[in-house]
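Since every read-out is calculated from the coordinates, none of them should be taken as a lab result. What you see is a predicted model, and the numbers here were worked out from it, not measured in a lab. Neighbour counts run over all protein chains shown; Cβ positions are idealised from the backbone, glycine included.
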Ligand SMILES: C[S@@+](CC[C@H](N)C(=O)[O-])C[C@H]1O[C@@H](n2cnc3c(N)ncnc32)[C@H](O)[C@@H]1O
């Protein structure tokens, strides 16, 4: 049976609106931590000019294949195994998307992700990251504070990231923030562009 995440049904519409704008001139997207594959199917169907390359840690690949096979879309190649701390694909992408991953990964994994990105980004690539973020070291809502506590009980390495710390990693690899959009349920979509001084 296909894996299913109900959060994807709730957030895919608002995220798509951001991608419609920022991925309008993009061709080749790498999604990191594709989860079930639901986002990929929704976004690839709505944005057929994109080739949407899903990726995940090995155990999740079979579930993603089920979603992709059922969708049968020409712009959804088979998922690739990608743990951000391991080997990255030998390919270039003009866009990278990741949703709800930075607070699941440990901070060292988040750093590994940004350190590896230059190997796969084109010179004008766009990076879009969806999820909850803190600002000035503070939670943006009581529900995010409770979520952070829940995350840390599950794994001490997880936790909602500070926007400024993530932006610093992005800037260190030549990415400039072009939008920080508020999303429903106290989430954000952060968009950076390479070469956008
Ligand atoms: C909360 S899920 C989000 C999945 C999907 N993007 C979504 O929005 O529904 C977090 C995902 O991050 C992935 N992940 C965690 N650590 C990772 C790592 N080191 N490299 C790549 N993916 C990782 C997990 O496998 C998991 O699917």
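Applying the selection to the range 65-92, what residues are assigned to a loop (DSSP other than H, G, I, E, B) and touching a helix residue (DSSP H, G or I) at 6+ places or on another chain (Cβ under 7 Å)?
Result: 73, 75, 76, 78, 79, 84, 85, 88.
Give just the number: which of (1) part of a strand (DSSP E or B); (2) farther than 25 Å from residue 49 by Cβ; (3) out of contact with any helix residue (DSSP H, G or I) (no Cβ under 9 Å at 6 or more places or on another chain) does residue 134 not satisfy?
With (1) part of a strand (DSSP E or B); (2) farther than 25 Å from residue 49 by Cβ; (3) out of contact with any helix residue (DSSP H, G or I) (no Cβ under 9 Å at 6 or more places or on another chain) applied to residue 134, the lone miss is (3).
Given the conditions (1) within 16 Å of the ligand (Cβ to nearest atom); (2) farther than 25 Å from residue 10 by Cα; (3) surrounded by fewer than 19 Cβ atoms within 10 Å (Cβ to Cβ), which single one is not true for residue 117?
For residue 117, the exception is condition (3).
For residues in the range 26-49 being over 17 Å from residue 129 (Cβ atoms) and surrounded by 15 or more Cβ atoms within 10 Å (Cβ to Cβ), which is farthest from the ligand (Cβ to nearest atom)?
28
So which residues in the range 170-197 are under 16 Å from the mean Cα position of the chain (by Cα), farther than 13 Å from residue 22 by Cα and in a strand (DSSP E or B), if there are any at all?
175, 182, 183, 187, 188 - these are the residues of the range 170-197 that are under 16 Å from the mean Cα position of the chain (by Cα), farther than 13 Å from residue 22 by Cα and in a strand (DSSP E or B).
Is at least one residue of the range 93-109 in a helix (DSSP H, G or I) and within 11 Å of the ligand (Cβ to nearest atom)?
Taking every residue of the range 93-109 in turn, at least one turns out to be in a helix (DSSP H, G or I) and within 11 Å of the ligand (Cβ to nearest atom).
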